[in-house]
1. Go through (1) touching an Asp or Glu at 6+ places or on another chain (Cβ under 7 Å); (2) within 16 Å of ligand 2 (Cβ to nearest atom); (3) open to solvent by 10 Å² or more (accessible area, probe 1.4 Å) and name the single condition Arg260 misses.
2. Restrict the check to the range 411-431 and report whether at least one residue is at pLDDT 95 or above, within 16 Å of ligand 3 (Cβ to nearest atom) and open to solvent by less than 60 Å² (accessible area, probe 1.4 Å).
3. Take the range 244-278 and flag every residue that is within 14 Å of ligand 3 (Cβ to nearest atom), over 22 Å from Leu346 (Cβ atoms) and small (Gly, Ala, Ser).
4. Quick check on the range 267-283: of everything there that is aliphatic (A, V, I, L, M) and within 11 Å of ligand 2 (Cβ to nearest atom), which residue is most open to solvent (accessible area, probe 1.4 Å)?
5. Which is more than 16 Å from ligand 1 (Cβ to nearest atom) and not charged (D, E, K, R), of Ile269, Ile248, Ile276, Ile343?
6. Anything in the range 279-291 that is closer than 21 Å to Leu356 by Cβ, of a type outside the set (Asp, Glu) and more than 10 Å from ligand 3 (Cβ to nearest atom)? List them, or say none.
7. Could you give me the residue pairs with C-beta distances under 6 Å whose first residue belongs to the range 357-382 and is away from ligand 3 (no atom under 15 Å from the Cβ), whose second residue is among the small types (Gly, Ala, Ser) and outside any strand (DSSP E or B) wherever it lies, and which are 6+ apart or on separate chains?
Amino acid sequence: MEFSTKSGSPEKQRVACVVAGVYEPRRLSAAAAALDDAAGGHLAEILRRGDMDGKAGSTLLLHHVPNLPCERVLLVGLGKERAFHARQYREAMRAAVKALGETGAREAMLCLTDLAVKGHDLGWRVEQAVVVALDTVYRFDQMKSKQEEQDRPLRKLILAVPGRGDLPAGEAAVARGQAIAEGMRLAKDLGNLPGNVCTPAYLAEQARELARLHGLDVQVLERRDMEKLGMGSLLSVAKGSEEPPKFIVLQHRGAGKKDRPVVLVGKGITFDSGGISIKPAAEMDEMKYDMCGAASVLGTLKAAAMLALPLNVVGLVPTCENLPSGRANKPGDVVTSMSGQTIEVLNTDAEGRLILCDALTYAERFEPAAVVDIATLTGACVIALGHVATGLLANDEGLARELLRAGEAAHDRCWQLPLWDEYEEQLKSNFADMANIGGRPAGTITAAAFLAKFAKKYDWAHLDIAGTAWRSGKEKGGTGRPVPLLVHFLARRAGL
Ligand code: BES
Ligand code: MN
Ligand code: ZN
């Protein structure tokens, strides 16, 4: 899909389709009113007849509108003007792109980017238009023997901006939107691929490919390298599987050598059966998504490279499978992490923290400005925040605030939970320095409290994406979250 920005009156556009909004009840937006004037009240008449009331999500496609040079007009319901906020704007955009996909139009001019959205400027509206449009047309059919026909002719979206002076800002916003959407697409693809294809070796291969295409530095540590480093915790999880573990180090060098990097750490469990503490069969297939943290790190590095962010960013991806076998971790096993701290593995299904803790120790060598880990870590997070917000915990309030703000700006929101030392009590072990589980209460917080013991040397935040990285049910699929949040976070850090 191609995007451009354009200023100019909607009623003068010689395009296949002009898209304009209608508020509830039956109120034309400025662009729709301009079309209506040129068409001698044709649109107002249609509204009066009751064919379009402006309800959010509704659309009405019109042909042969009098006096207009465009072939079609698509009216999109926006809901009540007073309630027209970020989410409603995004939903209107989604409805428009869906409806356009059912027409024969190859290109369309979207006048929705002209609409006022409380708390957001034109740059945001253009960026979000691109992100939502590309998210809406995303399909995953790599694993089907016959690829669905590309019968949708829609190729180009022209985004309206008020004046010629707004074009440079508009173009920059398009580029930002495209980078975010590309990062999300990669994250979705990797998440949606099955565990027998998307193995640790596959992720490593994808990282190498990304490095080649975007000029990133890549290094893949093998089992023996991890043994030398003393990553006993990570390797204890990998032991249960025939697939060799990998540890990916991917770097975007956008700033000076001495500039301390932001390190992103992504959980890369390519399939989580639970191990010996095996999970129930129902919906176990969804545990192929247990590498979505890793996927979001790769997607974010791709976006950072596309935007040439003037910032150093390191992506770390510890990746392996969590399977039961004669060599697998057993409840009660004690393992020694790279930090030297020992861990009693009371539940082999709490494996994410076991691979992340060694990656957090490895991160020290980069003298990071900040470390953010991203993980589908706890079912408890889904109970606490549902599928709306990502869980956020941090050992530094400034970093937490940056991530909260980035989530708002990207409309990919996270919500903070406390990380008070009281919670550490739950991790006490009779036999090792700590246990890998803290019981039922506050499962998301005790998981973070565990990780915090390995993140004492730098500012650190943890994003629990168990509820936000994919959707279940009929629309099952990766969401690409939290790539938008992370790209905004990095862009701000880079001073953009
Ligand atoms: N990958 C899962 C977390 C998960 C579960 C994400 C369901 C999304 C949906 C993680 O490895 C896990 O199994 N966590 C356990 C931890 C428990 C044993 C302390 C959980 O949440 O049940
Ligand atoms: Mn698990
Ligand atoms: Zn897991």
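The values are calculated or read from the model by the stated rules, or taken from the named source; none is laboratory data. Since the model is a prediction, treat every value here as computed from it, not as a measurement. Methodologically, a virtual Cβ is constructed for each residue, glycine included, from the backbone with ideal geometry; neighbour enumeration extends over all protein chains shown. Surface accessibility is based on the protein's heavy atoms, side chains included, excluding ligands, DNA and RNA. Shrake-Rupley method; radii C 1.70, N 1.55, O 1.52, S 1.80 Å.
1. Of (1) touching an Asp or Glu at 6+ places or on another chain (Cβ under 7 Å); (2) within 16 Å of ligand 2 (Cβ to nearest atom); (3) open to solvent by 10 Å² or more (accessible area, probe 1.4 Å), only one is false for Arg260: (2).
2. First pass over the range 411-431, keeping only residues at pLDDT 95 or above: 411-431.
Now narrow it down to the ones that are within 16 Å of ligand 3 (Cβ to nearest atom): none.
No, the range 411-431 contains no residue that is at pLDDT 95 or above, within 16 Å of ligand 3 (Cβ to nearest atom) and open to solvent by less than 60 Å² (accessible area, probe 1.4 Å).
3. Passing the criteria: Gly266, Gly268.
4. Our first condition is that a residue be aliphatic (A, V, I, L, M); within the range 267-283, this holds for 269, 276, 278, 281-282.
Next cut, within 11 Å of ligand 2 (Cβ to nearest atom) only: 269, 278.
On the way: Ile269: 0, Ile278: 101 Å².
It comes out as Ile278.
5. Values: Ile269 fails: more than 16 Å from ligand 1 (Cβ to nearest atom); Ile276 fails: more than 16 Å from ligand 1 (Cβ to nearest atom); Ile343 fails: more than 16 Å from ligand 1 (Cβ to nearest atom).
Ile248 is the lone residue from the list that is more than 16 Å from ligand 1 (Cβ to nearest atom) and not charged (D, E, K, R).
6. Start the filter on the range 279-291 by keeping residues that are closer than 21 Å to Leu356 by Cβ, which leaves 279, 286-291.
With of a type outside the set (Asp, Glu) added as a condition, the list becomes 279, 287-289, 291.
Across the range 279-291, the qualifying residue is only Lys288.
7. Asp358/Ser233; Asp358/Ser337; Leu360/Ala455; Thr361/Ser339; Val371/Ala363
So that you can scan it fast, the table gives a plain yes or no per residue for (1) in contact with a Ser or Thr (Cβ under 9 Å, 6 or more places away or on another chain); (2) among the hydrophobic types (A, V, I, L, M, F, W, C):
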position: Ser277; (1), (2): yes, no
position: Tyr289; (1), (2): yes, no
position: Ala303; (1), (2): no, yes
position: Pro310; (1), (2): no, no
position: Leu323; (1), (2): yes, yes
position: Asn329; (1), (2): yes, no
position: Ser339; (1), (2): yes, no
position: Val345; (1), (2): yes, yes
position: Ala350; (1), (2): yes, yes
